[in-house]
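A.B. asks: Got a structure for you, questions after.
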Amino acid sequence: MDSPYIDVLPFLFRGLGWTLLITFTGLVFGFGLGTIAGLARLSRKGFCRGAATVYVEVIRGTPILAQLLFVYFGLSELLSMNIHKLAAAILAIAVNSGAYIAEIVRGAVQSIEPGQQEAGRSLGLSRSQTMRYVVWPQAMRRMIPPLGNQFIISLKDTSLFSVIAVGEILYQARQYYSSTFAPFEALTMACLMYLMITIPGSVYLRRMEHRLEGR
Amino acid sequence: MIRTRGLCKRFGDLTVLREIDLDIHPGEVVCIIGPSGSGKSTLLRCLNGLETATDGEVTIDGDSLNTTEASLNQLRARLGMVFQHFNLFPHLSVLENVQLAPRMVQGKTVEEARVIAEQLLEKVGLSDKAHVRPDRLSGGQKQRVAIARALAMQPEAMLFDEPTSALDPELVGEVLSVMEELVKEGMTMVVVTHEMGFARRVGSRVLFMDEGRILEEGTPEMIFDHPGHPRTREFLGKVLRMS
């Protein structure tokens with residue numbers, strides 16, 4: 001086994017595990033954050049709207065790498081404790097994707113025509129019941145394609161985390177070529193590794209979109 | 001049972017309703033006619049608090065709509081509403097559409113709600129469609145489901161907002177006949193409509209609205225055969241010539 005193309009694979013597969021772990025866990029929290037922030041942006045209470053808007057604008061207006069360093073080094077200093085790099089990576093994905101997901105949630109909820117809400121309210125359902133049983137289930141369906149898109153974006157964003165030595169795919173590739181001097185081969189394989197997830201992902205998404213439009 | 005006093009509604013600079021005083025008595029079928037933009041639909045939506053009055057008051061059996069959110073929800077449950085565009089819940093089956101409010105608002109069990117829903121679907125002639133999604137139905141069928149959904153809450157009165165205006169002409173009849181059935185049962189109804197034939201046949205009172213005011217009201221015979229106000233005559237002249 002001399003070929004660096006093959007040699008690098010065990011490293012990259014180890015990296016793939018970390019990448020997927022960070023992406024999935026980060027997005028689960030990000031979805032929670034995004035749902036809260038997205039609904040807060042639609043709230044009648046000015047304070048909720050304001051807080052959510054600040055969150056979304058600050059996160060969308062700053063680079064994710066800065067956010068990561070902020071969490072890993074900045075927060076560590078502020079709280080004078082060591083934040084584990086994996087926790088920092090997950091937190092960064094969560095906070096970052098949360099802001100974009102908030103906009104996805106807001107857009108989806110707003111896209112449900114007002115007549116649905118009126119029908120719910122006219123039957124005596126409360127505001128929150130109408131949201132929960134009438135608007136939200138319909139909005140969820142419309143969120144699936146943009147959420148899938150966000151998954152692909154967040155997955156690629158994890159590559160930035162090699163700067164704090166989180167062992168994701170790109171970090172593993174760098175580790176490999178720093179000792180073997182085969183960056184071309186290592187990086188080619190690393191990129192193929194990303195494509196292995198993102199291309200089937202977007203194909204699947206496109207199918208899903210067609211299905212959703214169909215009904 | 002439904003009463004408005006000095007009801008005004010403004011959207012910004014636009015005044016849609018001016019000083020409406022209206023009493024709807026139990027068992028009455030009040031048809032509201034008038035040109036588009038005259039405030040008919042807004043008036044109807046003020047009656048169940050979908051729109052909040054800018055001025056004046058709406059009461060249902062003496063209970064004011066100007067109240068807390070929770071009591072307003074309870075008041076709304078006492079009035080059924082049917083919309084021009086049906087507004088069925090597309091993610092639920094026909095049966096679930098009808099069951100939802102009795103379960104969530106009245107706390108009925110799935111089983112109790114199902115019995116009610118099945119009875120009502122039979123009443124509107126759609127028992128066989130119980131398990132399909134609304135997008136499989138024709139406009140007339142959708143509107144009949146919407147009527148069943150509103151009736152499931154056992155409302156004291158029904159509000160209809162142009163229930164046949166979005167329908168293909170050949171589907172209007174099936175909806176009107178369901179409504180006429182309700183009239184026979186003595187349901188109190190307020191109907192905003194362009195169906196002059198329906199208003200004449202079943203209305204106990206017809207209101208003519210123009211520019212946010214009730215210009216004229218009376219029995220169908222009075223309004224249709226001897227309209228007093230020139231605007232009423234003009235409107236009826238145009239509408240009846242068309243049909």
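A.B. asks: Check which residues have an amide H placed less than 5 Å from B:A157's amide H, if you skip close sequence neighbours.
C.D. replies: It is B:G80, by chain and number.
A.B. asks: At most 11 other Cβ atoms within 10 Å and a DSSP loop assignment: could you name the GluC sites (Glu not before Pro) in segment B:145-188 that fit?
C.D. replies: Within segment B:145-188, the qualifying GluC sites (Glu not before Pro) (loop, at most 11 other Cβ atoms within 10 Å) are B:E185.
A.B. asks: Do you know the relative contact order of segment B:119-243, to the nearest whole percent, from alpha carbon pairs under 8 angstrom that are 6+ apart?
C.D. replies: 17 percent
A.B. asks: Helix B:94-104 against the longest principal axis of chain B: what's the angle in degrees, Cα atoms only, rounded to the nearest 10?
C.D. replies: 90 degrees
A.B. asks: Using only helices, what value at 222 nm comes out for chain B when you add -39,500 (n - 2.57) per DSSP H run of length 4 or more and divide by the total residues, to the nearest 500 deg cm²/dmol?
C.D. replies: Theoretical 222 nm ellipticity from helices: -12000 deg cm²/dmol.
A.B. asks: Can you give the Rg to Rh ratio for chain B, taking only C-alpha atoms and Rh from Kirkwood?
C.D. replies: Over the Cα atoms of chain B, Rg/Rh equals 0.97.
A.B. asks: Moving to a separate point now. Express the relative contact order of segment B:1-135 as a whole percentage, based on alpha carbon pairs under 8 Å and six or more residues apart in sequence.
C.D. replies: Computed over segment B:1-135, the figure is 20 percent.
A.B. asks: In whole percent, what relative contact order does segment A:64-215 give with Cα contacts below 8 Å and a gap of six or more residues?
C.D. replies: It rounds to 22 percent for segment A:64-215.
A.B. asks: Post the alpha-carbon centroid distance, segment A:135-181 to segment B:139-184, in whole angstrom.
C.D. replies: 52 Å
A.B. asks: What do you get for Rg/Rh of segment A:92-215 when both radii come from the Cα atoms and Rh is the Kirkwood radius?
C.D. replies: Here Rg/Rh amounts to 1.18.
A.B. asks: Work out the FRET efficiency for A:T198 and B:V110 from their Cβ-Cβ distance, taking R0 = 45 Å, and round it to the nearest 0.05.
C.D. replies: It comes to 0.55.
A.B. asks: Between B:D23, B:D210, B:D128, which gets the highest mean-square fluctuation from a Gaussian network model of chain B, Cα cutoff 10 Å?
C.D. replies: Top of the fluctuation ranking is B:D128.
A.B. asks: Calculate for chain A the 222 nm mean residue ellipticity that helices alone would give, adding -39,500 (n - 2.57) per DSSP H run of length 4 or more and normalising by residue count, nearest 500 deg cm²/dmol.
C.D. replies: After summing the helix terms and dividing by the residues of chain A, the value is -25000 deg cm²/dmol.
A.B. asks: Expressed as an acute angle from 0 to 90° and rounded to the nearest 10, what is the orientation of the C-alpha long axis of helix B:169-184 relative to the principal long axis of chain B?
C.D. replies: That helix lies at roughly 90 degrees to the long axis.
A.B. asks: Taking every DSSP beta bridge that has both residues in the protein assembly as shown, what percent is antiparallel when rounded to the nearest 5?
C.D. replies: 55 percent
A.B. asks: Please provide three numbers in whole Å: the alpha-carbon extents of chain A along the principal axes, with the largest listed first.
C.D. replies: 72, 48, 22
A.B. asks: Partner chain Cβ atoms within 10 Å, averaged over the residues of A:129-137 - can you pull that number for me?
C.D. replies: 3
A.B. asks: Can you give the translational diffusion coefficient of segment A:85-163 in µm²/s, computed by Stokes-Einstein from the Kirkwood radius over Cα pairs at 4 °C and 1.567 mPa s?
C.D. replies: The diffusion coefficient I find is 90 µm²/s.
A.B. asks: Sticking with this one: I'd like the Karplus ³J(HN,Hα) series for segment B:27-40: coefficients 6.51, -1.76, 1.60, θ = phi - 60°, whole numbers in Hz, and an x wherever there's a Gly or Pro.
C.D. replies: Calculated HN-Hα couplings, in order: x, 7, 10, 9, 9, 10, 10, x, x, 5, x, 7, x, 4 Hz.
A.B. asks: Output the DSSP H helices from chain A with an along-axis C-alpha extent of no less than 30 Å and a mean Kyte-Doolittle hydropathy no less than 1.0.
C.D. replies: In chain A, the long hydrophobic H runs are A:9-41, A:85-111.
A.B. asks: Which ³J(HN,Hα) values in Hz, rounded to whole numbers, follow from the phi angles of segment B:186-196 under the Karplus curve 6.51 cos²θ - 1.76 cosθ + 1.60, where θ = phi - 60° and Gly and Pro get x?
C.D. replies: Running phi through 6.51 cos²θ - 1.76 cosθ + 1.60 with θ = phi - 60° gives x, 5, 6, 9, 10, 10, 7, 8, 10, 7, 5 Hz.
A.B. asks: Take the alpha carbon atoms of segment A:40-87, find their center, do the same for segment B:1-58, and report the distance between the two centers in whole angstrom.
C.D. replies: 48 Å
Only the coordinates and a few stated rules stand behind these numbers; no lab work does. Because the structure is a prediction, the values reported are computed rather than measured. Here Cβ is always computed from backbone atoms with ideal geometry, including for glycine, and neighbour counts include all displayed protein chains.
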